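What follows is a short report on a single structure.
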Amino acid sequence: MLEKLKQEVYEANMLLPKYGLVTFTWGNVSGIDREQGLFVIKPSGVEYDRLTPDDMVVVDLEGNQVEGRLNPSSDTATHRILYKRFKNIGGIVHTHSSWATSWAQAGRDIPCYGTTHADYIYGSVPCVRNLTKEEIDEAYERNTGVLIADEFEHRNLDYIATPAVLCKNHGPFTWGKDAAEAVHNSVVLEEVAKMAARCEWINQENQPAPKDLQDKHYFRKHGENAYYGQSEKG
């Protein structure tokens, strides 16, 4: 079942250690088949060098394990809620990458200080509040997803233009059109988190980049009249 998607999700998971985004088993990637309403996710607590495509676990959008001999990631319920609330995403990544997690532990949004950030993420990367004790006790992973989605609605954020979030005292989630793009956005997030921290060390009074500059860089790459990169030619 979903053999092609399993292979894609496996390959995306293997990019996490390649790009230095995970230590031990501290991360996971999933990808969804929207037509079938099923997603594929890394199994819980399995070392990356032991993973195979056949180890990937198939889960439905109600949280039922459909296929797989191993337990799915402990973060599966968060992925499930994000797929249900963010209907145009096709892949999700969660890591504890050190720079992004440092901002999460500090409980701060990551301001857009420069064009590298603006090329990929529109505006600040939001940091959501802590879950309450009741939310943690009731359904920790599910409520993490609910909190993220609710925060994007509350701030009126476009989850496509801002494909990343920080969970306070926890770590980052990113997403994209598929699992590979979600990993790409996770790599970008880690780099801009690093640059933002260094920026503040160098100049504690630094301000975000001018909005006109942010808009120029984001929309020249992602806007209706985008011109960055190569276009298809007949």
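Here are some notes:
- Among the protein heavy atoms of region 38-138, carbon and sulfur supply 44% of the accessible surface, probe 1.4 Å, non-protein parts ignored.
- Euclidean distance between Cα centres, region 1-78 to region 151-204, Å: 21 Å
- Each of VAL22, HIS96, PRO72 was scored by the projection of its Cα onto the charge dipole of region 21-109, and the greatest displacement toward the positive side belongs to HIS96; charges sit on the C-beta of Lys, Arg, Asp and Glu.
- Here LEU213 and LYS84 are evaluated by their C-beta separation; at R0 = 30 Å the FRET efficiency comes out at 0.25.
- Which of THR144, PRO163, PRO43, positive extreme of dipole for the chain (C-beta unit charges): PRO163
- Burial order of peptide ranges 206-213, 11-18, 173-180 (average beta-carbon count within 10 Å, highest first): 173-180, 11-18, 206-213
- Point-charge dipole on Cβ atoms (K/R +1, D/E -1) for region 20-69, about Cα centre, debye to 20: 160 debye
- Tensor-based shape of region 15-154 (alpha-carbon gyration tensor, a/c under 1.5 rounded, otherwise prolate or oblate): prolate
- Plainly put, region 1-68 has a radius of gyration that is 0.96 times its Kirkwood radius, both from alpha-carbon atoms, as the Rg/Rh ratio.
- All-pairs alpha carbon distance profile, the chain, 10 Å steps from 0, percent: 8, 32, 36, 19, 5, 0
- With both labels modelled 7 Å from their Cα along Cα-to-Cβ, the VAL66 to ARG142 distance reads 2.0 nm.
- The C-alpha atoms of the chain define a longest principal axis, and helix 133-154 lies at about 50 degrees to it.
- Here region 123-234 is treated with +1 on each Lys and Arg Cβ and -1 on each Asp and Glu Cβ, and its dipole about the Cα centre works out to around 440 debye.
- Given their separation in residues at 0.36 nm each and the Cα-Cα distance between them, GLU205 and MET1 gain 68.0 nm when the chain is fully extended.
- Rel. contact order, % - alpha carbon contacts under 8 angstrom, at least six apart, region 137-200: 18 percent
- Each Lys and Arg adds +1 at its Cβ and each Asp and Glu adds -1 at its Cβ; summed about the Cα centre, the chain shows a dipole of about 420 debye.
- Per residue value of the accessible surface for the chain (all protein chains in place, 1.4 Å probe), Å²: 52 Å²
- Once the Cα atoms are used to define both axes, helix 76-85 deviates from the longest principal axis of the chain by about 60 degrees.
- Value of relative contact order over the chain, rounded to a whole percent, pairs C-alpha under 8 Å and six or more apart: 21 percent
The values are calculated or read from the model by the stated rules, or taken from the named source; none is laboratory data. Quantities reported herein were computed from a predicted structural model and do not represent experimental measurements. Virtual Cβ from ideal backbone geometry, glycine too; neighbours counted across all protein chains shown. Just so you know, the surface numbers come from the protein's heavy atoms only, side chains and all, with ligands and any DNA or RNA stripped out. Shrake-Rupley method; radii C 1.70, N 1.55, O 1.52, S 1.80 Å.
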